[in-house]
Amino acid sequence: MQLNQASQAQLSQWQSELTAEYQALQQQHLNLDLTRGKPSTEQLSLSDALDGILNGNYTTADGTDARNYGGIDGIAEAKALGANILQVNADEILVGGNSSLTLMHQTLTMAYLFGFNDPASAWKNETAPKFLCPVPGYDRHFSICEQLGIEMITVPMTATGPDMDQVEAMIKADSSIKGMWCVPKYSNPTGVTYSDETVDRIAQLGKIASGNFRVMWDNAYAVHGLTDTPQAMASIMAACRKHNTEDSVIQFASTSKITHAGSGIAFMASAPSNLKAFKAFLGIGTIGPDKVNQLRHMKLIPNMDALQSHMAKHTAIIKPRFDSVLRNLDAAFSDSDLGAWEKPEGGYFISFDAQSGCAQRIVQLAAEAGVKLTPAGATYPYSNDPEDRNIRIAPTVPTVEQVETAMQVFIVCVKLASVEAKLAA
Ligand SMILES: Cc1ncc(COP(=O)(O)O)c(C=O)c1O
């Protein structure tokens with residue numbers, strides 16, 4: 001289907017054929033959901049051994065009773081795993097509760113209200129503190145900035161990560177830019193892994209930015225490959241050490257998409273000076289994290305080898321769902337200009353760019369045919385996709401058969417919305 005070369009008569013004919021196809025799909029009364037990037041039930045079940053795994057033994061390797069208060073930065077064995085995942089030293093890691101998003105929210109709240117160094121370094125002292133947001137990106141990052149009143153400035157994602165020429169130019173020109181969001185590996189939603197050059201340039205931002213600048217390096221998909229040969233990404237901490245900017249980057253990860261999404265453990269890594277300030281802040285609100293859960297996790301996944309074989313089981317479950325989405329998109333659109341997408345090698349999403357002005361209509365049509373998609377615009381700050389193009393597809397929860405059906409609906413909706421838009425142009 002090539003819309004640009006089509007006559008009005010051809011477009012009208014396509015519209016009536018597609019409308020008939022769409023109405024037939026509506027008659028199926030589907031109820032399918034491709035919205036949030038959650039693990040499927042089968043994936044969650046891979047970690048059910050967590051329940052009861054301690055068998056009455058609550059003592060950590062260094063003799064601590066995990067049931068008691070204390071240990072604000074987590075138990076040593078969980079720190080060792082987190083340090084391995086994020087490639088940092090043992091004194092550069094903190095292990096928290098069930099959500100890395102909570103750690104990110106707390107980090108920005110602290111930086112905004114109290115500052116990393118002293119009250120004078122608090123971002124609230126700026127007239128208009130700003131954050132760089134590579135787009136498309138993760139909606140919940142944007143919600144944190146929005147809640148704190150931090151203005152968001154978008155930067156386009158490229159095949160190697162954020163457009164670094166733009167990032168550097170903006171930071172040089174505006175000292176009120178206080179940070180930047182990054183999902184560096186199998187990015188949400190594009191699936192892009194940052195190139196070595198991008199990692200190195202991000203590690204140098206601390207040299208050109210004003211003081212108090214922090215990169216929020218959310219490595220949520222660090223070990224979430226979809227192939228037998230996971231992509232390698234350069235270590236941001238190693239690059240920071242080279243450039244003497246260790247305190248300019250704060251890393252995050254969690255086991256949410258490794259074990260049980262709602263009851264995993266979360267990691268934060270940075271220079272000891274940043275962690276010291278953060279622990280002082282954290283200590284006002286808690287006496288310590290759930291160390292029993294950390295210990296449970298370390299029994300299930302004691303080291304990187306165990307982690308890798310566990311992740312291979314996830315891959316086996318979700319890869320067929322991704323394959324289904326990609327196969328359907330290829331069959332429908334590879335010879336047309338109706339959509340563009342990346343083939344991710346990991347992560348939880350496929351990012352689909354429709355023709356300009358069509359995303360909202362596609363999502364609406366799909367919803368009215370029983371297929372829920374993430375709201376159009378959600379991958380942009382303030383839910384504002386200026387071109388109304390990007391749709392995030394999250395295929396992990398439905399079964400392969402359900403993904404197949406949902407994609408049939410999606411494809412008809414994309415075609416119909418595109419033809420409608422062309423006819424109205
Ligand atoms: C990029 C990214 N960061 C963080 C999270 C949430 O992580 P957690 O469950 O550790 O809070 C998600 C979940 O979808 C995500 O996609």
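Is there a residue in the range 196-208 that is touching a Gly at 6+ places or on another chain (Cβ under 9 Å), part of a loop (DSSP other than H, G, I, E, B) and open to solvent by 10 Å² or more (accessible area, probe 1.4 Å)? No, the range 196-208 has no match at all.
Screening residue 228 on (1) within 16 Å of the ligand (Cβ to nearest atom); (2) at pLDDT below 95 shows it passes everything except condition (1).
Looking at 259, 255, 198 in this structure, which one is modelled with pLDDT of 95 or more, of a type outside the set (A, V, I, L, M, F, W, C) and under 15 Å from the mean Cα position of the chain (by Cα)?
Testing whether each residue is modelled with pLDDT of 95 or more, of a type outside the set (A, V, I, L, M, F, W, C) and under 15 Å from the mean Cα position of the chain (by Cα) leaves just 255.
For the range 177-195, the candidate set comprises residues that are more than 9 Å from the ligand (Cβ to nearest atom), part of a loop (DSSP other than H, G, I, E, B) and small (Gly, Ala, Ser); within that set, the residue that is least open to solvent (accessible area, probe 1.4 Å) is 191. Tell me, which residue of the range 123-156 that is among the acidic types (Asp, Glu) and touching a residue at least 24 places away in the same chain (Cβ under 8 Å) is farthest from the ligand (Cβ to nearest atom)? Going through the qualifying residues, I end up with 126.
Among the residues examined, residue 112 does not qualify as touching a residue at least 24 places away in the same chain (Cβ under 8 Å), under 21 Å from residue 268 (Cα atoms) and part of a loop (DSSP other than H, G, I, E, B). Here residue 268 meets each of (1) more than 16 Å from the ligand (Cβ to nearest atom); (2) in the same structural domain as residue 179 (by TED's automatic domain parsing) with one exception, condition (1).
Any idea which of (1) without any contact (Cβ under 8 Å) to a residue 40 or more places away in the chain; (2) open to solvent by 60 Å² or more (accessible area, probe 1.4 Å); (3) touching a helix residue (DSSP H, G or I) at 6+ places or on another chain (Cβ under 7 Å) is the one residue 120 doesn't satisfy? Condition not satisfied by residue 120: (3). A single entry from 265, 236 fulfils the requirement of being surrounded by 22 or more Cβ atoms within 10 Å (Cβ to Cβ), touching a Pro at 6+ places or on another chain (Cβ under 9 Å) and within 15 Å of residue 95 (Cβ to Cβ): 265.
Within the range 154-167, the set of residues being open to solvent by 10 Å² or more (accessible area, probe 1.4 Å) and within 15 Å of residue 214 (Cα to Cα) is empty.
What residue, of 132, 103, is buried (at least 21 other Cβ atoms within 10 Å of the Cβ) and either assigned to a strand (DSSP E or B) or touching a Pro at 6+ places or on another chain (Cβ under 8 Å) (or both)?
Answer to the check: 132.
The values are calculated or read from the model by the stated rules, or taken from the named source; none is laboratory data. No experiment lies behind these values; they were computed from the predicted model shown. Here Cβ is always computed from backbone atoms with ideal geometry, including for glycine, and neighbour counts include all displayed protein chains. Keep in mind that these areas ignore ligands, DNA and RNA; they rest on the heavy atoms of the full protein, side chains included. Shrake-Rupley method; radii C 1.70, N 1.55, O 1.52, S 1.80 Å.
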